[in-house]
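Report on one structure; see the data block that follows.
The values are calculated or read from the model by the stated rules, or taken from the named source; none is laboratory data. All figures in this text were calculated on a predicted structure; none of them were measured in a lab. Counting neighbours? That spans all protein chains shown, and the Cβs are built from the backbone with ideal geometry, glycine included.
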Amino acid sequence: MAKAFGIINTTGNHIWVEGMQDYRPIGAFSFLGRYRVIDFAMSNFSNSDIDRIHVLAGSKPRSLTEHLGSGRQYNINSKRGNVQILFADNHSRNSIYNTDIATFDENMDDSIGKMKEPYVVIAPSNMVFKQSFKKLVDTHAASGADITLLYHSVENANEAYLNCDYVTLNRQKGVLEIQKNRGNEAQRDIFMGTYVMKTELFIELIGKAKTLSSMYTLAQIVNLSCDELDVRGYAHEGYFAAITDLKSYYDANMALLDIEKAEDLINDDWPIYTRTNDSCPTQYFADAEVKHSVISNGCLIEGTIENSIIGRGCIIKKGVVIKDSVILPDTVIEEGIRVECQVVDKHSKLLHCKELVAAADAPGYVRRGDTL
Amino acid sequence: MKQNNMLAMILAGGRGSRLHDLTNKVAKPAVSYGGKYRIVDFPLSNCANSGIDVVGVLTQYESVLLNSYVAAGGRWGLDAKDSGVFVLPPREKADADLDVYRGTADAISQNIDFIDTYNPEYVLILSGDHIYKMDYDKMLDAHKANSADATIAVLQVPMKEASRFGIMNTNDTGRIIEFEEKPPVPKSNLASMGIYIFTWKLLREMLLADMVKEDSNHDFGKDIIPTMLNDGRNLYAYKFEGYWKDVGTIDSLWEANMDLLDADCELDLNDSSWKIYTEDVTTLPHYVSADAVVKNAYITQGCTIKGEVTGSVLFTNAKVGKDAKVIDSVLMPGVVVEDGAVVTRALVADGVKIGKGAVVGSADSENILLVANDVEGVE
């Protein structure tokens, strides 16, 4: 038996990606052309030999559950392992009650309470990074700490990672506090939404949170416990992106146009699994002009693409110019249209407009399935 | 067996020796094609898309890779409860010594026990080394409508080439009245595609009789079909229209890949209603650098292009370095063309490295150059 089971958490109510999140939770966002954001957490688990994974559905879970399917694409043993979706009643009239704790509690008797693994690793559904959870669990177990939190030191917390939590550490990497990043300082240790603790302690914390306040989240109850429990930080290195708004989603994609960075994040030693769409390769025609871009399969390209990420099955007609944009799968862009600094959501058709131009610090957004 | 009561048997034992070094280690059906596929993906995907649940794959020559490849039936969706892809190499039996498959018909005869466990009404016999999309369920409809004992798919070839094929001469209703193998003076241009539907009960009897015939080649074309015609059985031709290629040589394999660069190519691998399924690989999408030029190309995931690629097909994980040029060529999976190298009219085999500045192939060569070994760089 693996030492730990996994949970992939929902994002809290304080995070909302304008536009895109109307259609699906952040975990189901298309990422870097052929992936979904949740593939990174799922693959981190799978590559760490953790094959029993609970995924919190959150609201509008269709796209997420469809993508996860039976989970077999994640290289998880189909008998021994399993991927379980944790649904919860949605208090749509008062979203403050829609906390991760409420979902854990609702699924306690049937799922979480039955887990035999001594440890639990809770990972976020809106962050992209690679991390061996095996190493994290081993370090945690050896340290004797009650809870270990994964964090990433950044120098730009004043303009990015807004609405993420950050940890305040003492010299021994002890966590003193978890707080919201309001952008007051550039140097912060951003909390990566990843926790390791004993399963017993996790269950105990859920109970404690419920009795204290129906509004508490896991981060809040862990923060409250910092005084009495031994909570420690574990530093992450490498590519890290937290998707909390459209700009951070756009930036997270664009940063991986640095192909060495992308190859460091996704490679044969640490594969990122996703659900195949069985698309054929991409076809370039005589007029195609493609520079510094990541292109997925199944596209037909006759136009110009620069500094952009193109999802599966996009049709880019003659005379089209796409610059600095993230184009999601199955988009059609008709002749002569100019697209700059846009996030174009799935299945949209740009037919009649002449140009869609925004600036990189405030990328534009075309809604899913829209015809413009 | 629930969908149409037809079981498929794919003959995948051939070496494809005219593909030279490409088939030294793998059988022809396992040869890569079209950027991300292997040839055998086509009959297997056709089966899956035609509602066939059980497929036997008859392997023989260098079958290790092919066996493990086709055994993962889930790739083609052939892994439901009543479904599966079964690898059937020759095996030792209690009443006979271990023997190779002596011919196409013998390969089926030696697996009568396998077919019997499914007790199908019809058996579809396919070749594992052809590239085409075909709805076998429609062919079965024709077989049933004609109350045929056997239905043979035929392709209309140019009359002047007909003498290279097995030719079916039919009457007005499509009933086959004569079969001629490579006739010097062909009477028709209906070439057999090596795709047969048989009513199993009859075929079973014929195979049992053929097994013990001393002078038989145990071959469908040479023995079973002529015997059926002699016996006055109902054999019908089923006309296939569309893209079909038997890639027997390096030139024809190269050509079949080049066909994909044509926007009007009838094979249309982008058709979402008839997808060709294959192995799922976990590589990044492909990347085209700031200095790269890519025109008239067919490129799949895992490729990195920093140089110039024109008129070419790049397979999974092919890498093209800075200032390198790949012209009218096919780069098979994992090929690396290092900085400044030039590849023209070549088919570069799996994993081959073309060193810095090396020049291979030429624009005016008569035949396509097969590059099967690493080429050292030029300093």
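Taking region B:293-318 on its own, how many of its residues are facing chain A (nearest Cβ under 7 Å), out of contact with any Ser or Thr (no Cβ under 7 Å at 6 or more places or on another chain) and within 19 Å of A:Asp287 (Cβ to Cβ)? Walk me through how you get there before you give the answer.
We begin by selecting, within region B:293-318, every residue facing chain A (nearest Cβ under 7 Å); these are B:294-301, B:304.
This time we only want the ones that are out of contact with any Ser or Thr (no Cβ under 7 Å at 6 or more places or on another chain), so: B:294, B:298, B:304.
Imposing the further condition that a residue be within 19 Å of A:Asp287 (Cβ to Cβ) reduces the set to B:294, B:298.
Here the count works out to 2.
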Exercise. Only one of these conditions is not met by B:Ile112: (1) out of contact with any strand residue (DSSP E or B) (no Cβ under 8 Å at 6 or more places or on another chain); (2) free of Cβ contacts under 8 Å to residues at least 24 places away in the same chain. Which number is it?
Worked result: (2)
Seminar exercise, completed: (1) among the hydroxyl-bearing types (Ser, Thr, Tyr); (2) without any contact (Cβ under 8 Å) to a residue 24 or more places away in the chain; (3) in contact with a Phe, Trp or Tyr (Cβ under 8 Å, 6 or more places away or on another chain) all hold for B:Ser68 apart from (3)
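Somewhere in region B:237-255, is a residue among the polar types (S, T, N, Q), within 20 Å of A:Ser296 (Cα to Cα) and in contact with a Lys or Arg (Cβ under 6 Å, 6 or more places away or on another chain)? Quick ask: steps written out before the conclusion?
Residues of region B:237-255 that are among the polar types (S, T, N, Q), as a first pass: B:249, B:252.
Filter once more, so that each one left must be within 20 Å of A:Ser296 (Cα to Cα): none.
No, region B:237-255 contains no residue that is among the polar types (S, T, N, Q), within 20 Å of A:Ser296 (Cα to Cα) and in contact with a Lys or Arg (Cβ under 6 Å, 6 or more places away or on another chain).
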For this session: Give the residues of region B:1-33 that are surrounded by fewer than 21 Cβ atoms within 10 Å (Cβ to Cβ), out of contact with any strand residue (DSSP E or B) (no Cβ under 9 Å at 6 or more places or on another chain), modelled with pLDDT of 80 or more and assigned to a helix (DSSP H, G or I), sorted by residue number.
Result: B:Arg18, B:Thr23
Seminar exercise, completed: By residue number, the members of region B:149-162 that are touching a strand residue (DSSP E or B) at 6+ places or on another chain (Cβ under 9 Å) and not acidic (Asp, Glu) are B:Ala150, B:Thr151, B:Ile152, B:Ala153, B:Val154, B:Leu155, B:Gln156, B:Val157, B:Ala162
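Evaluate the following for A:Gln131: is it more than 16 Å from the chain's Cα centre (by Cα) and touching a residue at least 12 places away in the same chain (Cβ under 8 Å)? Before you say what the answer is, go through the steps one by one.
Working: more than 16 Å from the chain's Cα centre (by Cα): no; touching a residue at least 12 places away in the same chain (Cβ under 8 Å): yes.
So A:Gln131 does not fit the description; no.
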Seminar exercise, completed: Per the filter on region B:232-279, residues more than 9 Å from every other protein chain (Cβ to nearest Cβ), aliphatic (A, V, I, L, M) and within 13 Å of the chain's Cα centre (by Cα) are B:Val247, B:Leu253, B:Ala256
Exercise. Being touching an Asp or Glu at 6+ places or on another chain (Cβ under 6 Å), within 11 Å of chain A (Cβ to nearest Cβ) and hydrophobic (A, V, I, L, M, F, W, C), is that true of even one residue in region B:331-339?
Worked result: no
Exercise. How about region B:278-315: which of its residues are closer than 21 Å to B:Ala256 by Cα and surrounded by fewer than 24 Cβ atoms within 10 Å (Cβ to Cβ)?
Worked result: B:Glu279, B:Lys295, B:Asn296, B:Thr310, B:Gly311
Exercise. Got a sec? Which helices (runs of 4 or more DSSP H) wholly within region B:60-124 have at least 1 residues that are within 21 Å of B:Asp41 (Cβ to Cβ)?
Worked result: B:64-71, B:104-109
Exercise. In region A:246-269, is there at least one residue being within 8 Å of another protein chain (Cβ to nearest Cβ) and of a type in the set (S, T, N, Q)?
Worked result: no
Exercise. How about region A:130-164: which of its residues are surrounded by 19 or more Cβ atoms within 10 Å (Cβ to Cβ) and either outside the structural domain of A:Asn181 (by TED's automatic domain parsing) or at positive phi (or both)?
Worked result: A:Tyr161
Problem set entry | Residue ranges of strands (runs of 3 or more DSSP E) in region A:272-357 with at least 2 members within 8 Å of chain B (Cβ to nearest Cβ) | A:282-284, A:289-291, A:293-295
Problem set entry | Test for B:Asp328: is it away from chain A (no Cβ under 12 Å) and closer than 20 Å to B:Leu261 by Cβ | yes
Exercise. With (1) over 23 Å from the mean Cα position of the chain (by Cα); (2) at pLDDT 95 or above as the list, and B:Thr282 as the residue in question, which single condition is left unmet?
Worked result: (2)
